[in-house]
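The structure follows.
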Amino acid sequence: MENPEDPKRCPWCGADPLYVAYHDSEWGRPERDPQRLFELLILEGFQAGLSWITILRKRDSFRAAFAGFRPETLATWGEAEIARLLADRGIVRHRGKIAGTLRGARAFLRIEAREGFSPFLWSFTGGVTLDACPARMSDIPASTPQSAAMSRALKAEGFAFVGPTITYAFMQAAGMVNDHLADCPARISRKTPRAI
């Protein structure tokens, strides 16, 4: 996996070292930590209309600007913090996405207190990683019934920018689905979960 131009690696990461490292060490690995899942969900929402590499390059700035994505902190923020974030060149400056993050933090706290944020999200896959073992990029859907159900539930809780395509990208990144291509070294290096 040292060669960033390995033709077997999922082609979406290209040869950019940051993207390759993300693909090899993060993307598709099952994540259960609730705060990490919250951060990933929020960043997927910020990605809407942009490329993921744009978000990845700004991720450290996002973490600094959004207090490490600590929901208990973000839930207390209001217009003053939104104005500050809109002036921060290190992040994607979109009022709707910023305000949606603060609403999402409040929703996170409600869900976490009620049933746990991680169990809530993983319930859409039955608590396991779903796997279709795609042979080609064209085998990977843009959304699934599970991502559509997650999208509806998140919207009902108060989250924004969580359409079915965004939630499917989130599920891929968080390892709820394994969409590494069949011959990708990142897939081969870990146990294959149950099939969809």
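If I filter segment 117-155 down to residues being exposed (fewer than 14 other Cβ atoms within 10 Å of the Cβ) and small (Gly, Ala, Ser), which single residue comes out as nearest to the chain's Cα centre (by Cα)?
Looking at the filtered set, the residue picked out is ALA142.
Return the only residue of ALA142, ALA160, ALA107 being touching a Phe, Trp or Tyr at 6+ places or on another chain (Cβ under 7 Å), outside any helix (DSSP H, G or I), within 25 Å of LEU56 (Cβ to Cβ) and in contact (Cβ under 8 Å) with a residue 24 or more places away in the chain.
Values: ALA160 fails: touching a Phe, Trp or Tyr at 6+ places or on another chain (Cβ under 7 Å); ALA107 fails: outside any helix (DSSP H, G or I).
None of the other options fit; the residue is ALA142.
Determine, yes or no, whether ALA83 is in a helix (DSSP H, G or I) and crowded, with 16+ Cβ neighbours inside 10 Å.
Working: in a helix (DSSP H, G or I): yes; crowded, with 16+ Cβ neighbours inside 10 Å: no.
Criteria not met by ALA83.
Keeping to segment 67-104, report how many residues are within 17 Å of GLU39 (Cα to Cα) and charged (D, E, K, R).
So the answer is 5.
How many residues, within segment 28-64, are of a type in the set (Gly, Ala, Ser) and either on the phi > 0 side of the Ramachandran plot or buried (at least 19 other Cβ atoms within 10 Å of the Cβ) (or both)? Don't jump to the end; show me each part of the working.
Pass one, segment 28-64, residues of a type in the set (Gly, Ala, Ser): 28, 45, 48-49, 51, 61, 64.
Among the residues that remain, those that are also either on the phi > 0 side of the Ramachandran plot or buried (at least 19 other Cβ atoms within 10 Å of the Cβ) (or both) are: 28, 45, 49.
Selection size over segment 28-64: 3.
Within segment 37-69, count every residue that is closer than 18 Å to GLY104 by Cα and either in contact (Cβ under 8 Å) with a residue 60 or more places away in the chain or not in a helix (DSSP H, G or I) (or both).
Residues that pass the stated criteria total 11.
Take the residues of segment 86-102 that are without any contact (Cβ under 8 Å) to a residue 24 or more places away in the chain and not aliphatic (A, V, I, L, M): which is surrounded by the fewest Cβ atoms within 10 Å (Cβ to Cβ)? Don't jump to the end; show me each part of the working.
Of all residues in segment 86-102, those without any contact (Cβ under 8 Å) to a residue 24 or more places away in the chain come to 86-87, 89, 93, 95, 98.
Pick out the ones that are also not aliphatic (A, V, I, L, M) and you get 89, 93, 95.
On the way: ARG89: 7, ARG93: 12, ARG95: 11.
Top of the filtered list is ARG89.
Any read-out appearing in this document is the output of simple, stated calculations on the displayed coordinates, not a laboratory observation. These numbers were taken from a predicted model, which means no experiment stands behind them. All Cβ positions, even for glycine, are placed from backbone atoms using ideal geometry, and neighbour counts span all protein chains on display.
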